[in-house]
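FYI, it's all coordinate maths here, none of it is from the lab. Given the structure is predicted, the values throughout are model-derived calculations rather than measurements. Quick reminder, even Gly has a Cβ in these numbers, built from the backbone with ideal geometry, and neighbours come from all protein chains shown.
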Amino acid sequence: MEIDYTGVFYDALRNLEFQDEVFLIKELKCLQKNSFFMGPAFTTFGERVDSSGYDKVDKIRLKMYDPRVIPKGSVVVLQTNDNSVAHAGDITLKIYKRLGAVAFVTDGLVRDSVLIANNGIKCFCKGMTPVDALNRWALTKYNIPVEIQGVKIGPGQIIVGDSDGIIAIPKGTTTAVLEKAMEIFEKENIVRATVMSCSTTNLQKNLMQEYKKYGRW
């Protein structure tokens, strides 16, 4: 059975003595139900641009759409440096999906949210607006270190998330975190099975036994 919720990754990182500010991205809106995802970060960076040179700058994102650029299974992460326009919309996310990305995470805004909610790629954002980015903002760099809500994320860093929040697993710790998360996941499944299988008369007794054996769940 595969892990399909973020809580166990949080518990694993805390168990390994990481502090929240190093890995936890909070308060982004999730546009889909059943939203769990996991994959390596494909990092992108945008900024306000002058309208006179917009056409030239905007071609950067078109180069990024080469299928050799974004690895399949990626989580596209966008640092926007802006809060005044929509930094992605339905068509952009459809492109990411066609290129094999599994999720899109941004500290900025999106538009076409109703369409995005149904197009199959997980989307996490600060909010929504109909305001177009044309001649105002552009994606200017990719495959560089970025920062989302104070959490530093590098290209290829493993990102997991669902509607509870998003976690950037610190570089160099992926194996240890996955092993600890699986350990916690298996323990929680044992407790779940106990809750669902025993009679209510024996529930407290059985849970006390599980607590003594496995500790807090």
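If each residue's Cβ is checked for other Cβ atoms within 10 Å, how do Lys126, Lys33 rank with the fewest at the top? Provide the component values of the computation, followed by the final result.
Values: Lys126 18, Lys33 8.
The most exposed by this proxy come first: Lys33, Lys126.
As a check on your grasp of the helix formula, calculate [θ] at 222 nm for the chain: sum -39500 (n - 2.57) over DSSP H runs of n ≥ 4, divide by the residue count, round to the nearest 500. Provide the component values of the computation, followed by the final result.
On the way: 7 runs with 76 residues, N = 217.
Helices in the chain give a 222 nm mean residue ellipticity of -10500 deg cm²/dmol.
What percent does the relative contact order of the stretch 19-170 come to when contacts are Cα pairs within less than 8 Å and at least six residues apart?
The normalised contact order for the stretch 19-170 reaches 40 percent.
Which entry in (1) 21.2, 77; (2) 19.5, 58; (3) 20.0, 74 matches Rg and Dmax of the Cα atoms in Å derived from the coordinates of this structure?
(3)
Pick out, from Ser113, Val195, Met64, the residue whose Cα sits farthest towards the positive end of the charge dipole of the chain, with +1 on the Cβ of Lys and Arg and -1 on the Cβ of Asp and Glu.
Met64
Note the angle between two axes, namely the Cα long axis of helix 54-64 and the longest principal axis of the Cα atoms of the chain, as a number of degrees from 0 to 90, rounded to the nearest 10.
Roughly 40 degrees between the two axes.
List the chymotrypsin sites (Phe, Trp or Tyr not before Pro) within the stretch 15-114 that fall in a DSSP loop (any state other than H, G, I, E or B) and whose Cβ has at most 11 other Cβ atoms within 10 Å.
Numbers: sites: Phe18, Phe23, Phe36, Phe37, Phe42, Phe45, Tyr54, Tyr65, Tyr96, Phe104; in loops: Phe18, Phe36, Tyr65.
The qualifying sites: there are none.
What dipole magnitude, in Debye to the nearest 20, does the stretch 1-68 give about its Cα centre under +1 on Lys/Arg Cβ and -1 on Asp/Glu Cβ?
380
Only Lys, Arg, Asp and Glu count, each charged at its Cβ (+1, +1, -1, -1), so figure out the dipole size of the chain about its Cα centre, rounded to 20 debye. Each step should come with its number before you reach the end.
Values: 28 positive and 25 negative charges, 66 e Å.
Value, rounded to 20: 320 debye.
Roughly what % antiparallel, to the nearest 5, for the DSSP beta bridges in the chain? Don't jump to the answer; show the numbers that get you there.
Working: 20 of 36 bridges.
Taking every DSSP beta bridge within the chain, about 55 percent pair in antiparallel fashion.
Could you list Thr44, Thr173, Thr6 so that the one with the fewest beta carbons within 10 Å of its beta carbon is first and the one with the most is last?
Details: Thr44 27, Thr173 16, Thr6 22.
Going from least to most buried by this count: Thr173, Thr6, Thr44.
If we sort 75-83, 150-158 on the protection proxy, mean other Cβ atoms within 10 Å, highest first, what's the order?
On the way: 75-83: 22.7, 150-158: 17.7.
Result, highest mean Cβ count within 10 Å first: 75-83, 150-158.
I want the local charge near Met128. Using Cβ-Cβ distances under 15 Å, sum +1 for each Lys or Arg and -1 for each Asp or Glu among the other residues. Walk me through the intermediate numbers first.
Working: positive: Lys29, Arg111, Lys126; negative: Glu27, Asp82, Asp90, Asp107, Asp112, Asp132.
So the surrounding residues net to -3.
For the stretch 1-93, which GluC sites (Glu not before Pro) are in a loop by DSSP, counting at most 16 other Cβ atoms within 10 Å? Before the final figure, lay out each step's value.
Details: sites: Glu2, Glu17, Glu21, Glu27, Glu47; in loops: Glu2, Glu17, Glu27.
Sites meeting the loop and neighbour criteria: Glu2, Glu17, Glu27.
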